[in-house]
Amino acid sequence: MRMSENRDLRQQRYTVLTEARALKEKGAAMTPQERSKLARLVGQAQQLRERIERVEGEMMGEIRGGDPNGGGSRASQHDEYRSAFMSYLRHGRDAMPAEQRSILSEHRDMITGGSGAGIPGVSSGGFFVPVGFVDALISTLKYTGPMTDESVVGTMVTETGQILPYPAENDTNVVGERLGEGQQTIEGDVLLGQVLFGAYRYSTKAVKVSLELLEDSAFDLENFLIGEFAKRLGRILVSDFTNGLGSASSQPMGIVTATAASGSLVAAVGSSSNDGTSAGPNTIGSDDLINLEHAIDPLYRPGSSYMMNDSTFKAIAKVKDKYGRPLFEKSLEAGAPDRINGYPVRLNNYMQTLQTQTSSPPVTVNSTLFGPLKRYMVRRIRAMSVLRLVERWADYAQVGFIGYARYDGQVLAGPNATGQQFPFALLQNTF
């Protein structure tokens with residue numbers, strides 16, 4: 001009974017979200033009536049989600065012996081599922097004991113409502129990965145670049161991938177007021193907008209493992225897949241969170257793309273303006289960095305960072321001011337980033353690089369970004385699934401594994417108005 005109710009609720013929610021997604025794709029072309037309808041549909045989806053969570057909580061309590069809260073059996077439930085999942089990875093579903101197959105199917109049905117519809121990889125025979133697997137993968141992702149480091153950028157984790165409105169404000173030019181006795185206050189509304197987060201589907205592509213390794217108990221399959229999945233997901237995610245073109249191109253809006261579109265740009269004058277060298281706009285000098293820092297509002301500077309390609313950082317590390325002092329400070333603390341003018345430097349090799357030779361016609365690149373990276377928000381869907389492919393590479397005695405995850409990313413910047421500034425700025429070099 002509960003399973004049927006859960007499935008019906010999820011189907012209702014899927015219908016609501018499909019209609020909402022069709023409206024969202026209209027973007028700026030939406031009429032006021034359609035925007036109102038979108039907000040109403042999002043509210044309905046949230047209500048259905050809450051009902052689904054209540055039903056699933058009761059179902060989980062029944063599975064755990066009648067205790068809706070799970071009692072002391074939660075750890076053992078996780079251990080059982082983890083063991084069953086690893087058995088699935090090594091041996092495949094058909095070779096698993098019936099009890100372990102039941103554990104995997106029950107866990108999947110609890111999340112999907114019994115069908116797996118709309119869940120990447122699951123409807124095709126895959127299964128959700130255990131919590132520890134996901135946590136280890138997310139921890140490893142940070143090594144691929146700052147845009148996947150949850151300690152550097154803003155992060156929110158949601159259970160499902162429905163359209164999610166998120167508030168974004170821009171209040172940099174509104175000040176308080178001084179009032180005399182009996183004097184009425186005036187309005188000072190915050191310019192509050194909203195960013196709509198989706199959930200784009202990402203794949204690790206197939207990671208192939210030989211049957212000999214799978215049969216070798218000494219081979220740590222779990223950590224091997226975590227490392228491979230993290231590298232592959234990390235590369236595409238950092239690329240999209242840096243240079244993605246937005247929902248019109250079915251990808252997240254990258255931080256560089258959004259900043260360039262905002263017009264928050266600083267033209268480099270080059271190191272020759274402040275250290276007496278012959279280099280020009282195709283180099284970076286201390287004046288350029290000062291101009292870049294002051295291109296954003298002072299309220300945004302605490303917690304701000306520089307972000308650039310490693311080759312750009314290499315060029316800046318060699319530059320000195322007119323007193324012979326280097327522009328950067330080498331970190332003496334393990335794991336801490338180097339700094340420029342007291343601000344951390346985050347290396348992102350998906351940023352454009354400085355050219356060493358001039359071009360004809362001239363080429364302009366966005367070499368360096370500055371701003372509070374926490375104002376770039378990454379949305380991650382908690383559930384991740386893995387699909388095991390046996391027959392595709394059977395003649396090579398190999399088994400393939402594909403990981404599926406869903407993400408989105410947006411800059412949190414409210415509506416623009418006179419005197420208000422974007423939270424990020426880009427340094428542009430011309431060659």
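A few notes on this one:
- Pairs linking a residue in the range 323-340 that is closer than 18 Å to G145 by Cβ to a residue that is assigned to a loop (DSSP other than H, G, I, E, B) and polar (S, T, N, Q), with Cβ atoms under 9 Å and 6 or more positions apart or on different chains, are P337/S331; D338/S331.
- Of all the residues in the range 343-401, those that are among the β-branched types (V, I, T) and under 27 Å from Q162 (Cα atoms) number 3.
- Cβ-Cβ under 6 Å pairs, at least 6 apart or on other chains, the range 374-398 side not assigned by TED's automatic domain parsing to the domain that holds L89, far side in a helix (DSSP H, G or I): Y376/I255; M384/V134; A397/L211
Listed here are the residues, each with its yes/no results for (1) hydrophobic (A, V, I, L, M, F, W, C); (2) out of contact with any Asp or Glu (no Cβ under 6 Å at 6 or more places or on another chain); (3) within 29 Å of G227 (Cα to Cα).
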| site | (1), (2), (3) |
| --- | --- |
| I316 | yes, yes, no |
| E333 | no, yes, yes |
| D338 | no, yes, yes |
| S359 | no, yes, no |
| N366 | no, yes, no |
| S385 | no, yes, yes |
| R388 | no, yes, yes |
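Okay, residues lined up against (1) modelled with pLDDT of 85 or more; (2) over 17 Å from A230 (Cα atoms):
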position: F133; (1), (2): yes, no
position: A136; (1), (2): yes, no
position: D149; (1), (2): yes, no
position: Q162; (1), (2): yes, yes
position: N173; (1), (2): no, yes
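- Search result, residues across the range 318-331 that are farther than 13 Å from S286 by Cα and in contact with an Asp or Glu (Cβ under 6 Å, 6 or more places away or on another chain): K330, S331
Okay, residues lined up against (1) free of Cβ contacts under 8 Å to residues at least 60 places away in the same chain; (2) outside the structural domain of I163 (by TED's automatic domain parsing); (3) assigned to a helix (DSSP H, G or I):
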{"residue": "E212", "(1), (2), (3)": "no, no, yes"}
{"residue": "F241", "(1), (2), (3)": "no, no, yes"}
{"residue": "T257", "(1), (2), (3)": "yes, no, yes"}
{"residue": "N282", "(1), (2), (3)": "no, no, no"}
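- Entirely in the range 356-405, the strands (runs of 3 or more DSSP E) that have 1 or more residues that are over 30 Å from I284 (Cα atoms) and not basic (K, R): 376-381, 385-389
- Looking across the range 304-318 at every residue that is among the hydrophobic types (A, V, I, L, M, F, W, C) and not in a strand (DSSP E or B), the one that is farthest from V256 (Cα to Cα) is identified as A317.
- Test for Q410: is it of a type in the set (S, T, N, Q), within 22 Å of M156 (Cα to Cα) and modelled with pLDDT of 90 or more: yes
The values are calculated or read from the model by the stated rules, or taken from the named source; none is laboratory data. Bear in mind that the values here come from a model prediction, so they are computed numbers and not experimental data. Heads up, the Cβs are rebuilt from the backbone with ideal geometry, glycines too, and the neighbour counts pull from every protein chain shown.
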